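Asks: One structure coming up, written as structure tokens, with questions to follow.
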Amino acid sequence: MPGKVAEKKAAAPTLAGITVQRRLSQLPRQSIIAGFRDEDQDLGNMPDLLDEGLRAVRPDDQLKLTDAELNEEHTRILTARNPNAAENIVRFSYKERTFKPIPQVDQLAVHFQLDGNLIHRDSEEGKRQLIRDAGEHAAEEAEAPVAVVQEIAKEGDDDDEDKVKKPATTGGKGKKLTNQFNFSERASQTYNNPCRDRETFVEQTPRVVFSDNVSQWSIFDAYNEDFDQQQKAKEKEHKKIGAKKDDERKKKFVVTEQSGDDMAKLARSKSASISLKILERMINQNTFDDIAQDFKYWEDAADEYREQEGSLLPLWVFQYELAKKLACTNLAWNTFYTDLFAVSFGSYDFLKQSRGMFLIYSLKNPSFPENIFFADTGVMCLDFHPNHPNLLCSGFYDGSVAVYNIAEENKRPKYQSTARNGKHTDPVWQVRWQKDDLDGNLNFYSISSDGRIVCWTLVKSDLMYSDVVQLKLEKPATESDEGVSLTTLGCGTCFDFNKQQDYLFIVGTEEGKIHKCSKSYNNQYLDTFYAHNMAVYAVRWNTFHSKIFISCSADWTVKVWDINFKDPLFVYDLGSAVGDAAWAPYSSTVFAACTADGKVFVFDLNVNKYEPLAEQIIVQKKRTKLTHIAFNQHFPIILAGDDRGNITSVKLSPNLRKKPKAKKGQEVADGSEFEIAKLDKILALIRDPDDAKTKPTQGQQSTTAAANTNSGDPEQELTRILTTENPHGSKNLVMFSNRDKQFVPLGNLEQLIIHYSYEGNLIPIDSEEAKIYLQNEKNHKNRILPTALLDTYKTKEKTSIEIKTSNENVEPVHQIGEEDEQQTVTSEITEQSEFNELIDDSKTILKVDNLLSIEKPKKLLNRFNFCEQGIQTYTSTKKEVITQTDPIIRQKFVGLANQRIIYQEYMIDYEKQQKNKDKGKQKVSYGSNKSVVEKQLVKTDRLKPETIVKRHQVQILKGIERVLNQNRYQELIYSTA
Amino acid sequence: MTQAEVDDTLKRIQEHKGVQGYLIINSDGIPIRSSLDASVTQQYAALIKSLSDKARSTIREMDPSNELLFFRMRTKKHEILVAPDKEYTMIVLQATDAS
């Protein structure tokens, strides 16, 4: 429609368009359409109407009526009722549950409605508009025919002015007066928007073909990540409210963290450092594979053939470049991680004091320490806390002590003593953690050569100290009265706390004395032992027995003591200054010591009381002093540190960690009680029974009295009196006597102890029993019993005869039975092994007699207690078993040929060709002795396919086995230490 | 760990008996540190990365809460030790003993 209008209006001046547009904009759209219709009517009717006044217009098709008809009156009554309105509309009323008629119906009917858009000329509005238009006349001159109507245009331009001036007379030919509120001109001019092409060139977005598989775990990961992020966001919100400052600081930190290249990022990534560590350990595992295998599986096979001897197998040597010129001053295994240990380095030379350090090593990485801590002075000692494996206390040469948290990144001490709070004035020789005090604070003890033993307590961030004991020297007897006596303090070098009695501890001094002290008496020793002639280097309580301890000294000796006795139980001279001695954690009778000539000694009192089971040089260079030694709690290895910064680990052979064989019919009692009993048994052998009564009282009387008994005489304890009295037999047994109606002491007690009994299954050849047997055999000769090796036979025979002689010698008391009697005596002999020498003499004589009397090397068997070694087993009947398996699915396989496969194919082909060639060659060259060549060929051919494959498989199996073994040993590899 | 420590560790690794070289690749398979020559590095980075991804996928498929930490392959000529990590994968080539 607008298009049509535009056509019609084409001739009209553009100015008119503007005004029209303005007006148009004032009108609502509906009326525009209405107005358009009006104008159509105007075109047809208006000129007539205006020309001929208000004459009725008669259309052509109008019915023609006569006047009479026209004048006929029709009476019509107008009512307000609409005849077409429905009267019977009903609606269901829910209230009354019936249909109800609606009484009032709308009576209004609208047949036609038209909003006019013209206003009357005489009306107020009209007048106003006329005035206004007149004002604008000059501008509107050219566009007089406002309504763009063709007829108006035809009438010519000349009339326009008149028409406008005399609109009343000309009858509306001039300007139309429009209803402001409801008017629309039809004409509208629109711009045709010119079309323009606009082009921009952009860089092509990079495209990448991306392919990935989505698996369950990746979804799982994504979810987890999302969850974590949400969690983090939540936390952040919490934090934001709390502290904004903190956040800012963090931001800064993050910013700095993001800078740097890939390697720096890698260094910061925690997981990357862990995997780097794993990698290093794995390479170490490969490099030290043979040692690791030895560590786990090597058992000296020779130990089976020797009784009282063992050996030490050197394993890893721990070296660190910066510690090379320092001496190892202490070794401590971690209490939680069995493969972790700490080594402190310093110097024992007074003139060559320099820096110090301590290293944390793991057996899993022997080539480099896990952690390195540097100190300005020598580190003389350290100790891991038993319950907090990350806490390590250490003592320094300058007298200070410190506590480190080795898990922390910064390598500064957590606590450190200063000159103000009770620092020692001399080197600290030993530190040891103690049980938490009553307030639950951690505390440890230190000993120094300034004569003080100090208890350090960790209270929040402070290190509190309290002197426990001051080592006072006894005044010399020949003290002059002149002048004031100078109180001097002894120099403590080592101490150890009793494992059962918390308060009790022993202190070794540079003067060679050992003091028995208590935490509760700080000015008095409970006891003093004049133990050594030179400085005591180490004192250690037995792992199991609460009364036994060991001490070692620069005077070349190691001594084992009972806390209640003034004299040592055992004294060993090791031929060089003994740096350290330690009890084994697995046995109460085993201890090890290391000396300044580079030897490690291992003793087992249970096996040999006089000689070490193993004595071995383990240092690599001559004149290297071993300074310290430490047993691992878990593995059968010992660490030994020397004065050149090396730590050597050695493995104990089976003989050195042997447990005594279980007696027949008696269960092996494991644990500490058994170990205590074992040690007690040995001690009982060497202790004088009288001594046991007198000594303890004497010991506690006074220290001066004890000075008379000269200590350190190894010969003294070797003299022993054998009595028939059993020292362990209880002497005060009572029994209730029914006759006397009271308890009566038992007079005769059995004094016999059976330490070992073995029921033989052979009988002496000249016994009654044997004679009958031999007789029988002579007669029948049908069956020869399995004869043992000549050797064993002989020895057996020997012992049986010894028994006889000893029987006569000792005491023919028990006459129980033919064989039983002999066995009991055997046991007696083993118990009183001192008789051995005596018996040995008689043995040699009797042996000769015996050899003459024996003709047949035949065993005579004890009928009552004999078992042939042949064992009959059941052979299970064979059954054929058929299992049905699913048919193997055949599938077409499509593979990608990559370089490797092609290479393989070529190789196979090439080998075939080569073979053929060889065959041809051989045929040609050895044509004459063809049969030999063929034979060879056959032989090699037969070897090839099966045996080689077999060998190959065996190799693979071996490889797998090795890896499995490795894994067993390395089971802890992933627990990050 | 500081970067110096990482460098030290790598140096120690390099000095071990039989170690032919190491390389570290990031999660995109791009080598960021290598002691091998360029072509070999490229090859190892590309091939080992896909292998370790596959291996990790295998482990995770079996138990999503599990994680691959380390694997090694023993070959006729050398052993390849691989420590795949979320961001970085470390690879070391170590010659196997002649025995």
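All of the numbers you see were taken from the coordinates with simple rules; none came from a lab. If you're wondering where the values come from, they're calculated on a predicted model, not measured in any experiment. Cβ coordinates were reconstructed from backbone atoms using ideal geometry, including for glycine residues, and neighbour counts include every protein chain displayed.
Asks: Using a 10 Å cut-off on Cβ to Cβ distances, tally the other chain neighbours for every residue of A:282-290 and report the average as a whole number.
Replies: 6
Asks: Right, something else. Under the 0.36 nm per residue contour assumption, what length would be gained going from the current alpha-carbon distance of A:Y297 and A:N82 to full extension?
Replies: 65.4 nm
Asks: Using alpha carbons only, how many degrees (0 to 90, rounded to 10) separate the axis of helix B:38-62 from the longest principal axis of chain B?
Replies: That works out to roughly 30 degrees.
Asks: Would you mind giving the mean number of other chain beta-carbons within 10 Å of the Cβ of each residue in B:84-93, as a whole number?
Replies: 5
Asks: Moving to a separate point now. Mind checking B:12-20 for the average number of partner chain beta-carbons within 10 Å of each residue's beta-carbon?
Replies: 4
Asks: Taking Cα pairs under 8 Å and at least six residues apart, what relative contact order does the range B:3-95 come out at, in percent? Mind dumping the intermediate values first?
Replies: Working: 123 pairs, mean separation 27.5, N = 93.
About 30 percent, as a whole number.
Asks: On a 30 Å Cα-Cα criterion, which of the cross-link pairs A:K435/A:K609; A:K516/A:K658; A:K234/A:K270; A:K625/A:K678 come out too long?
Replies: Violating the 30 Å Cα-Cα cut-off are A:K435/A:K609; A:K516/A:K658; A:K625/A:K678.
Asks: OK, next. Please give the FRET efficiency for A:F112 paired with A:C195, using the beta carbon to beta carbon distance and R0 = 60 Å, rounded to the nearest 0.05.
Replies: 0.85
Asks: Any of A:K296/A:K622; A:K472/A:K681; A:K513/A:K621; B:K11/B:K49 with alpha carbons more than 31 Å apart? Name them for me. If you can, show how the numbers build up before the last one.
Replies: On the way: A:K296/A:K622 29 Å; A:K472/A:K681 37 Å; A:K513/A:K621 33 Å; B:K11/B:K49 23 Å.
Beyond 31 Å between Cα atoms: A:K472/A:K681; A:K513/A:K621.
Asks: B:D7 versus A:E611, label points 7 Å from Cα toward the beta carbon: distance in nm?
Replies: In this crude spin-label approximation the distance works out to 5.8 nm.
Asks: Pull out the extension gain between A:I686 and A:K236, defined as 0.36 nm times the separation in residues minus the alpha carbon to alpha carbon distance; nm, one decimal.
Replies: 154.6 nm
Asks: How far apart, in nm, are the 7 Å Cα→Cβ label points at A:K270 and A:R951?
Replies: Distance between label points: 5.3 nm.
Asks: Between A:L351 and A:K778, what is 0.36 nm times their sequence separation minus the Cα-Cα distance? Round to one decimal in nm.
Replies: 145.0 nm
Asks: Please report the equivalent ellipsoid semi-axes of chain B, computed as sqrt(5 x eigenvalue) of the Cα gyration tensor, largest first, in whole Å. Numbers along the way, then the final one.
Replies: Values: eigenvalues 97, 58, 38 Å².
One finds semi-axes of 22, 17, 14 Å for chain B.
Asks: Can I get the semi-axes of the range A:286-375's equivalent ellipsoid? Compute them from the C-alpha gyration tensor as square roots of 5 times the eigenvalues, in angstrom, largest first.
Replies: Each semi-axis is the square root of five times an eigenvalue, giving 30, 17, 12 Å.
Asks: Further question on the same structure: Sort A:311-323, A:69-81, A:953-965 by packing, meaning the average of other beta carbons within 10 Å per residue, with the highest value first. Mind dumping the intermediate values first?
Replies: Values: A:311-323: 18.7, A:69-81: 6.6, A:953-965: 10.8.
Top to bottom by mean Cβ count within 10 Å: A:311-323, A:953-965, A:69-81.
Asks: What nm value, rounded to one decimal, do you get for the distance between A:V209 and A:D467 when each label is placed 7 Å out toward the C-beta?
Replies: 8.7 nm
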